[in-house]
Amino acid sequence: MRPFGCGWFIREFLAGNGPGGSPSIDPDVGAPQAEIFYHYKMALLRATALDRATRMEEKRAKREKRRIEPDNIESLAKMYLSRMPYKAQGCRYHSFVTYFSTLQRLGWVEPTGKEERSSFQDNYPPGPPRRYFRLTEAGQGADDAAWSNPNLTLYGGG
């Protein structure tokens, strides 16, 4: 199981709350999809590494009949994080973009109007601009159940 869902992370990130150790952003400026995706993946990796480190330290402390040491948890978490592949947690980028488009159709996120140039590599034509998105009032007002399954909210159930 994941420590938190994609929808929850997007809502909190665009609200400027810096979930899961991600940086806080200005909610009025927003962030591009690729940046949101990157911080979502990194937050999942950090949470997973911390969970594994905590469980390992608990087992070691029980086996050695000693107290749990927070410093051991921190060093184990760093070790686990350094060894975890980026693709090990969460969705792939295409799935994220599809999910994000559902949020746009619901009117929960909208472009801010800010764009940045982007390019693939030096010898290729410029790529599409990096478009910034922000949370709308409708997105702020949607409840946790709706954010946990936006497809059900958009298309209705059974």
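The values are calculated or read from the model by the stated rules, or taken from the named source; none is laboratory data. Keep in mind it's a predicted model, so treat the numbers as computed, not measured. Counting neighbours? That spans all protein chains shown, and the Cβs are built from the backbone with ideal geometry, glycine included.
The table below lists the values:
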quantity	calculated
Single residue of the range 115-158 satisfying the filter (under 21 Å from the mean Cα position of the chain (by Cα) and part of a loop (DSSP other than H, G, I, E, B)) that is surrounded by the most Cβ atoms within 10 Å (Cβ to Cβ)	142
Count of the range 116-154 residues which are touching a helix residue (DSSP H, G or I) at 6+ places or on another chain (Cβ under 9 Å) and farther than 15 Å from residue 27 by Cα	14
Answer residue from the range 80-107, given it is small (Gly, Ala, Ser) and without any contact (Cβ under 8 Å) to a residue 40 or more places away in the chain and is farthest from residue 40 (Cα to Cα) among those	107
Residue satisfying condition, being over 28 Å from residue 119 (Cβ atoms), surrounded by 18 or more Cβ atoms within 10 Å (Cβ to Cβ) and either at pLDDT 90 or above or among the small types (Gly, Ala, Ser) (or both), within set 61, 15, 49, 43	49
Those residues of the range 1-28 which are of a type in the set (Gly, Ala, Ser) and farther than 21 Å from residue 97 by Cβ, in sequence order	16, 18, 21, 24
Scope the range 22-32; condition closer than 19 Å to residue 140 by Cβ and not hydroxyl-bearing (Ser, Thr, Tyr); matching residues	25, 26, 27, 28, 29, 30, 31
Neighbours by Cβ (under 7 Å, 6+ apart or cross-chain): first from the range 42-67, over 22 Å from residue 21 (Cα atoms); second at pLDDT 90 or above and among the small types (Gly, Ala, Ser)	67/61
Number of the exception - residue 93 against (1) touching a strand residue (DSSP E or B) at 6+ places or on another chain (Cβ under 6 Å); (2) surrounded by fewer than 17 Cβ atoms within 10 Å (Cβ to Cβ)	(1)
